[in-house]
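Here's the structure we're looking at; comments come further down.
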Amino acid sequence: MKPVLLSLPLAASAVFFASAGLAAGMLTDAKGMTLYVFDKDTKGISSCYGACATMWPPYLVNGEKAKGEGWSMTKRKDGAEQWVYDGKPLYFFATDMKAGEAAGDGIKGVWHVVKE
């Protein structure tokens, strides 16, 4: 399934994909919540569990199918499937409460928003 871009004239210009998207140049989920990658993950495998996963909840697959080019899934230690983009598992940041927030970008030099 190839994503379809829709431009919406909003106060803060946004571009969304059908099931994942871009807001202000950042990759987001369908609700506009910012997605992050973790530098300590290797070969598409998550290394964020326990307290880490509490602060950085994984972007889990919930019965969805592949999102398109660059997207895949990885199985976590607990058996859940997590979305991967360009070989990097994706996460949310627990303190981001509204669409478009990116408070986790750059934390400890190892967490980064996914930019297009």
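Values quoted throughout were computed directly from the atomic coordinates according to the rules given, and no laboratory measurement underlies them. Being a predicted model, the structure only gives us computed values, none of them experimental.
Between residue 80 and residue 94, the contour length at 0.36 nm per residue exceeds the alpha carbon distance by 3.2 nm. Within straight-line reach of residue 77, meaning a Cα separation under 18 Å, sit the following aspartates and glutamates at least 8 residues removed in sequence or on another chain: 41.
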